[in-house]
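Asker: There's a structure below that I have some questions on.
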Amino acid sequence: MAKKEKDNKEIKPAATGRVENREISNELQESYLDYAMSVIISRALPDVRDGLKPVHRRILWTMREAGLTHGAKFRKSATVVGDVLGKYHPHGDVAVYDALVRMTQDFSLRYPLVEGQGNFGCFTKDTKVKLTDGRDLSFGELIEEHQQGKKNYTYTVNGTGLISIAEIKNPRLTIKSAGLVRVVLDNGQEIRCTPNHRFMLRDGCYKEARDLRPQESLMPLYERLSTKTDRLNRADYLLINQNKTNEWVPAHHLADNYNLTIGKYSKGAGRVRHHVDFNKLNNSPDNITRLQWGEHWQIHYKQAADQHKNPEYRNKIAEGRKAFWSNPKHRESYAQRISERNLNNWRDPKYREKMRAILSKVNKDYIKNHPEKRLELSKRATETLKRLWQNTEYRKLFHDKIVAANKKRVTNNTGKVKFLKICREVFEKYNTLSRKLYEQLRNAVYGYGRATSWETGINKYYEGNSKTLLQDLTKNHKVKKVEFLDRKEGVYDLTIDKSHNFALAAGVFVHNSIDGDSAAAYRYTEARLAKIADEMLADIEKETVDWRPNYDGTRQEPKVLPAKLPNLLLNGSVGIAVGMATNIPPHNLGEVADAIIHLADNPKATSHELMEFVQGPDFPTGGVMYDRKAIVEAYTSGRGAITTRGLAEIKESKHTSSGREEFVIEITEIPYQVNKSELIIKIAELITEKRIEGIRDVRDESGKDGISIIIELKPNVPPQKILNQLYKFTDLQKDFHLNMLALAGGLQPEVMSLRDVLVAYLAHRNEVVRRRTQFDLTKAEERAHILTGLAKALSIIDKVIATIKKSADREDAKKNLIKNFKFSDRQADAILEMKLQALANLERKKIEDELAEKKKLIAELTALLKSPAKILKVVKDELMDVKTRFNNPRRTKVVAGGLKEFREEDLIPQEETIITLSQAGYIKRLPPASFKTQGRGGKGLIGSDVNEDDFLTHFTAANTHDS
């Protein structure tokens, strides 16, 4: 007992507080409840009054504070995110940016509250993309290979600014008919794209095509083939220049890094990076693997051995060798290489000294053994030079040539021009540059010995820096001009995960459009408030809502927005709290407004009555919803499932020569919250797994003007059967689980019926209008009070002026006015600030008229405050005004009847059939078309094929749905 009392004894308070003994279970329970309520109130659930979670409310208020209204210029999303974090929302930037992005998406919100830009733009079909396997494919070709299941890869600038490799995903048509611009580069390349497609600049930033200016440098992709002097110490491997570090890296090393990143193999698999198809220029990650040294040697040994076993291969080698040496150019090239090798040898001091000694000895021995030859040469040279030197013209000509030669050493660029011309020929022919390719074309361009060698050119003119040479050849990929075209074409794009950029064959990097991916980083996108968002913030400056300190007490933020819009229903909300979740769909503004007006006129109206106006959700993606009865029940209770389907149409494609029908299914609308790309992938998986048979092709022809997923069927495949299977096995049919959970009064989470939500909205708007009216009344009374003082002062202006003149200073004058004429403190200040022009008759009339207007306004506002009915009428009028300006037609169709569960027969086409039974007990089902009338001398019925010892005993006509 004494021990227990000791344990429960309170510890004396310390200087900074006190410590109490508590049961850990109690502490955990309270902490959990505090956390749960914090998540519920401060993060996860919307307020029924304005339909916003705290993060959305803070974003809208921050943008309003920053002046990012509908008429303002777009500003970087990074600025908005930073302001929200720094001022009001002390959480992660991802949460803020994701919320901002969602408010811009017209497929998430029925009425987006924020306008965004930065993720769009596309290229014409013939635009080519640089692939890592050495090819340049157009978008049309990429789509064909993608539909065949082939993976392709391209180069991308990753988040660290280095060039890496990425998989090309979902190449597609994005807009069927779009306006175009032509971007012309100074290397002669032309790129046609939409005006808003973004090009990566040399510093890593992006700029839209229409905003590009001449001489702006784009981010380049430089390539060349390796030589034995590179770090690989091997020739003819493709090298990529890392613009950030100015290093040349092997392309197959980049592919190897990609494979290591995705876990295709580990570094322990081996140190050798091997090209599977032995093609050094095919640097696709699928063509690169890692091997141990021994394994790699064995593979190449076996390949060489197998090839040499083939007589044709050996004969081809012999014929090739013979043809090669029979070509004078090759012999000259070989001689040149020998000459260059000798020249290189002579640059070696040791070799030079050795050969000098040998040649000196040989010459000395020859002269020593042939003295007559030495005398002959000496005598001839002396006589010739003496004779020429006596000629003054010769001496002058000799002098001029020496001077000119000396000048050419400094000013003549003929050698560089020739060197560049050869390099340009190589680059245009092979799209890369190397010593080997240069030497192959050098003699073809200028003839033997007439142009500098590779080593001399690169060292003399570029100090050994091949990157500088490439920049001279490609002109550094600068913009020459941008032209707006007067025609429209279909445009295309593709998806690159994470980095969201890729390399064109023109040698520049561009941004990709995003389809089904997360949004581009906030440094790339821009935002401003949408016009309709003004209705959420209107009158907030008139003390219409309560305010509270922000997280650090340095600012005030609104607890709720005035919200003329019934936003909770218009745009819906999705959120998961602790132990509860909300899932409210979007609705049509016109329908919701009509329901609110009806409720205002009939306060006892039930949810059933209000559902006469609100047909149900109106999803931004359209589609069809079923079962009116279930929808009404869901809105009455606040919970329930609503079955939705995408909009699909069966179209007859064509008749084949044999008369067989072919159909296509076109999906033009998809259920809410279904990702289009994932839906297409799911359909493709079902085809691969043979769970759905009869589909020949699936392609995405969607553009920014609408969704279009085309499903081509094989001949004579029943289209309704395929469509039923798509409904059953994919999200083309999906239930939306309604759960109208929201915060009542900003604190209490409640599941609400349709009536509850509309009642809360009306109560909020009544309070906003009342507070706004009170604010306007107070301001009007204050102004009327000032005007009354000014009018009184003007009526006794001589006495007022005399009083002011007798006063010692402003404060003394103010006191005298208050004392002598009974002016209030504010009236006295206004009189002292009044300008002399107010003494004019016209100015006096203006003051009197304004005072009369204020008195009239005060009477109206006072009457409004005293009449709840008048306040309600203002609420209704303002709502009808919003409806008039922003309402648009319903997108989601409603079918009164419900859908039944798919039965097995629903997935089987209904058609006539023939059932046959043979003597041996074999049963066969055949289409009637397989039976033909037997002609003279015929072999019988086609459908009656049985074994020799068997024969048909029964025929029965039936339907595939018969039981």
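The values are calculated or read from the model by the stated rules, or taken from the named source; none is laboratory data. Remember, it's a predicted structure, so these values are computed and weren't measured experimentally. Because the Cβ atoms are built from the backbone with ideal geometry, glycine has one as well, and the counts that use them run over all protein chains shown.
Asker: May I ask you to say which residue of Glu319, Glu312, Glu332 is over 30 Å from Thr456 (Cβ atoms), more than 54 Å from the chain's Cα centre (by Cα) and either part of a loop (DSSP other than H, G, I, E, B) or acidic (Asp, Glu) (or both)?
Answerer: Answer to the check: Glu319.
Asker: May I ask you to list the residues in the range 597-631 that are surrounded by 20 or more Cβ atoms within 10 Å (Cβ to Cβ), of a type in the set (Val, Ile, Thr) and modelled with pLDDT of 95 or more?
Answerer: Of everything in the range 597-631, those that are surrounded by 20 or more Cβ atoms within 10 Å (Cβ to Cβ), of a type in the set (Val, Ile, Thr) and modelled with pLDDT of 95 or more turn out to be Val614, Ile631.
Asker: Step by step: first the residues of the range 590-608, then only those that are hydrophobic (A, V, I, L, M, F, W, C) and part of a helix (DSSP H, G or I), then the one that is nearest to the chain's Cα centre (by Cα). Which residue is that?
Answerer: Out of the qualifying residues, it is Val592.
Asker: Which of the residues spanning the range 24-49 are surrounded by 13 or more Cβ atoms within 10 Å (Cβ to Cβ), polar (S, T, N, Q) and at pLDDT 75 or above?
Answerer: Across the range 24-49, there are no qualifying residues.
Asker: Take the conditions β-branched (Val, Ile, Thr), modelled with pLDDT of 95 or more and farther than 21 Å from Asn739 by Cα and apply them to Thr62. Does it pass?
Answerer: Spelling it out, Thr62 is indeed β-branched (Val, Ile, Thr), modelled with pLDDT of 95 or more and farther than 21 Å from Asn739 by Cα.
Each row is one residue, and each column tells you yes or no for (1) of a type in the set (Val, Ile, Thr); (2) under 13 Å from Asn501 (Cβ atoms); (3) buried (at least 16 other Cβ atoms within 10 Å of the Cβ).
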residue	(1), (2), (3)
Gln147	no, no, no
Gly159	no, yes, no
Leu162	no, yes, yes
Arg172	no, no, yes
Lys176	no, no, yes
Leu185	no, no, yes
Asn196	no, no, yes
Phe199	no, yes, yes
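Asker: I'd like to know if the range 447-457 contains one or more residues that are assigned to a helix (DSSP H, G or I) and modelled with pLDDT under 80.
Answerer: The answer is no; no qualifying residue exists.
Asker: Please go through the range 647-685 and pick out each residue that is aliphatic (A, V, I, L, M), at pLDDT 90 or above and surrounded by fewer than 17 Cβ atoms within 10 Å (Cβ to Cβ).
Answerer: Selection gives Ile650 alone.
Asker: Quick check, is Ser326 of a type in the set (S, T, N, Q) and at pLDDT 80 or above?
Answerer: yes
Asker: Looking only at the range 215-258, which residues are in a strand (DSSP E or B) and either within 13 Å of Lys280 (Cα to Cα) or in contact with an Asp or Glu (Cβ under 9 Å, 6 or more places away or on another chain) (or both)?
Answerer: Ser217, Arg224, Leu225, Leu238, Leu239, Ile240, Asn241, Trp248, Pro250
Asker: Exactly one condition in (1) assigned to a loop (DSSP other than H, G, I, E, B); (2) among the aliphatic types (A, V, I, L, M); (3) modelled with pLDDT under 90 is not met by Leu281; state its number.
Answerer: (3)
Asker: Here is a follow-up. Given the residues His300, His275, His296, His308, which is the only one that is at pLDDT 90 or above and not β-branched (Val, Ile, Thr)?
Answerer: Of His300, His275, His296, His308, the one residue that is at pLDDT 90 or above and not β-branched (Val, Ile, Thr) is His275.
Asker: Does Leu794 count as of a type in the set (A, V, I, L, M, F, W, C), in a helix (DSSP H, G or I) and closer than 30 Å to Val560 by Cα?
Answerer: No, not satisfied.
Asker: Still on this structure, I have one more. Pull up the range 699-745, narrow it to residues that are of a type in the set (A, V, I, L, M, F, W, C), touching an Asp or Glu at 6+ places or on another chain (Cβ under 9 Å) and surrounded by fewer than 19 Cβ atoms within 10 Å (Cβ to Cβ), then point me to the one that is nearest to Ile143 (Cα to Cα).
Answerer: The selected residue is Ile710.
Asker: Got at least one residue in the range 4-20 being at pLDDT 75 or above and either farther than 23 Å from Met580 by Cβ or touching a strand residue (DSSP E or B) at 6+ places or on another chain (Cβ under 6 Å) (or both)?
Answerer: Yes.
Asker: Report whether or not Asp236 is under 23 Å from Arg435 (Cβ atoms), surrounded by 11 or more Cβ atoms within 10 Å (Cβ to Cβ) and touching a residue at least 60 places away in the same chain (Cβ under 8 Å).
Answerer: In short, yes.
Asker: Turning to a different aspect of this structure: In the range 295-353, which residue that is touching a residue at least 24 places away in the same chain (Cβ under 8 Å) and more than 23 Å from Lys436 (Cβ to Cβ) is surrounded by the fewest Cβ atoms within 10 Å (Cβ to Cβ)?
Answerer: By that ranking, first place goes to Glu295.
Asker: Here are Val80, Val96, Val84: which of them is touching a strand residue (DSSP E or B) at 6+ places or on another chain (Cβ under 7 Å), in a helix (DSSP H, G or I) and aliphatic (A, V, I, L, M)?
Answerer: Val80
Asker: Here is a follow-up. Scan the range 63-110 residue by residue and report those that are among the basic types (Lys, Arg), surrounded by 15 or more Cβ atoms within 10 Å (Cβ to Cβ) and touching a residue at least 40 places away in the same chain (Cβ under 8 Å).
Answerer: Across the range 63-110, the qualifying residues are Arg64, Arg75, Lys76, Lys87, Arg110.
Asker: Let me ask you something else. Determine, yes or no, whether Leu359 is in a helix (DSSP H, G or I), surrounded by 12 or more Cβ atoms within 10 Å (Cβ to Cβ) and among the hydrophobic types (A, V, I, L, M, F, W, C).
Answerer: In short, no.
Asker: For the range 854-874, which positions are under 55 Å from the mean Cα position of the chain (by Cα) and under 13 Å from Arg783 (Cα atoms)?
Answerer: Within the range 854-874, Lys854, Leu857, Ile858 meet the criteria.
Asker: I'd like the full set of residues that are within 24 Å of Leu221 (Cα to Cα) and among the β-branched types (Val, Ile, Thr), limited to the range 450-470.
Answerer: The answer is Ile458, Thr468.
Asker: Residue by residue through the range 876-897, note down the ones that are under 13 Å from Asp594 (Cα atoms) and assigned to a helix (DSSP H, G or I).
Answerer: Selection gives Lys876, Asp877, Glu878, Leu879, Met880, Asp881, Val882, Lys883, Thr884.
Asker: Can Arg231 be described as in the same structural domain as Thr156 (by TED's automatic domain parsing), surrounded by fewer than 21 Cβ atoms within 10 Å (Cβ to Cβ) and of a type in the set (Lys, Arg)?
Answerer: Judged against the criteria, Arg231 is not a match.
Asker: So which residues in the range 784-811 are surrounded by fewer than 17 Cβ atoms within 10 Å (Cβ to Cβ) and in contact (Cβ under 8 Å) with a residue 60 or more places away in the chain?
Answerer: The one that is surrounded by fewer than 17 Cβ atoms within 10 Å (Cβ to Cβ) and in contact (Cβ under 8 Å) with a residue 60 or more places away in the chain: Ala791.
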